[in-house]
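Here the structure is laid out as structure tokens; the discussion comes afterwards.
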Amino acid sequence: MLKDKVCIVTGASRGIGKAIAVELASQGAQIAVIYNGSADKAAETVEECTKLSASKAKAYKCNVADFNECSEVIKEIVKDFERIDVLVNNAGITKDKLLLTMNSDDFNDVISVNLGGVFNMTKNCCRIFTKQRSGKIINISSIVALDGNAGQTNYSASKAGIIGFTKSTAKELASRNICCNAIAPGFIETDMTKDLAQNSDLLDRIPLKRIGKAEEIASVAAFLCNNDYITGQVIRVDGGLTI
Ligand code: NAP
């Protein structure tokens, strides 16, 4: 379905990003795996992708919070793959603290990676998408962007910013046949949430009574890659938590 499409996935060394990279590769896509610190894990993602698909996959180190690094990595990817069809902005961090104890570094670091990273990567890809008259941008937000969460003012602000960015980008680029959507996951089992999996209070609040799997986000990302008439939407994948 995505045969030979060139897909960039940020934060694809682990967790949700890795699951998205592997799912897109299983549909025949070529994958640019972006990582920051986990070179070995990024190499494992590349290996899994190439095992699943005859197509190419390659890892690139890039701190998405750094505009120049994003600009250079996009140039390198275009040199290697000749085009870009899909950008999945997935890389993200948390630095959870109550507002009373949060300092400005805790706030700015999370905004720079989570929201700045989406701008830096999208800005550097959109000229290519515009020239091609096609492209898909998928941004990973969170349900806390919609409902807030105590201890996450920095994180929820970054994820709410992604939703505004997604809707505005969708409006700006629709005339060039470019779709931009966001996915808002609930609680998904990854390194980011490893302390939550056994939290029975949390499980009680989720109508489906379990934490989600990274593959359940990946299948929605693949669905959006395969659809040409959805843009500017935020799709919740949360086991019913926000009903
Ligand atoms: P994770 O397991 O902690 O993985 C985070 C990924 O982001 C890693 O691949 C990491 O790369 C990469 N990353 C972090 N900082 C980066 C930077 N400055 N530049 C480039 N890459 C960077 O997290 P996850 O749970 O899979 O989360 C993925 C996305 O889903 C995040 O945006 C997160 O906010 C969002 N989300 C997660 C949940 C959840 O319950 N897990 C819920 C809602 C939303 P390295 O390891 O190479 O540094």
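The number of residues in segment 101-135 that are crowded, with 24+ Cβ neighbours inside 10 Å and not aliphatic (A, V, I, L, M) comes to 4. Residues of segment 210-243 that are among the aliphatic types (A, V, I, L, M) and under 22 Å from Ser168 (Cβ atoms): Val220, Ala221, Leu224, Ile230, Val234, Ile235.
Pairs meeting the criteria (first residue in segment 83-107 and closer than 16 Å to Ala145 by Cα, second residue at pLDDT below 95, beta carbons under 9 Å, at least 6 apart or on different chains) are Gly92/Met192; Ile93/Met192; Thr94/Met192. Each residue in segment 147-177 was checked for being within 30 Å of Arg133 (Cα to Cα) and either crowded, with 22+ Cβ neighbours inside 10 Å or near the ligand (Cβ under 9 Å from one of its atoms) (or both), and 5 of them qualify. Within segment 119-146, the set of residues being more than 9 Å from the ligand (Cβ to nearest atom), aliphatic (A, V, I, L, M) and within 13 Å of the chain's Cα centre (by Cα) comprises Met121, Ile137, Ile138.
Here Asp85 does not qualify as under 19 Å from Lys131 (Cβ atoms), more than 9 Å from the ligand (Cβ to nearest atom), surrounded by fewer than 23 Cβ atoms within 10 Å (Cβ to Cβ) and modelled with pLDDT under 95.
Residues of segment 161-177 that are at negative phi and more than 17 Å from the chain's Cα centre (by Cα): Ser168, Lys171, Glu172, Leu173, Ala174, Ser175, Arg176. Residue pairs whose Cβ atoms lie under 6 Å apart, separated by 6 or more positions or on different chains, with the first residue in segment 194-222 and closer than 24 Å to Val234 by Cβ and the second of a type outside the set (A, V, I, L, M) and assigned to a helix (DSSP H, G or I), are Ala214/Gly15; Ala218/Glu23; Ala222/Glu23.
The values are calculated or read from the model by the stated rules, or taken from the named source; none is laboratory data. Please read all numbers here as calculations on a predicted model, not as lab measurements. So basically every Cβ, Gly included, is an ideal-geometry build from the backbone, and we count neighbours across all protein chains shown.
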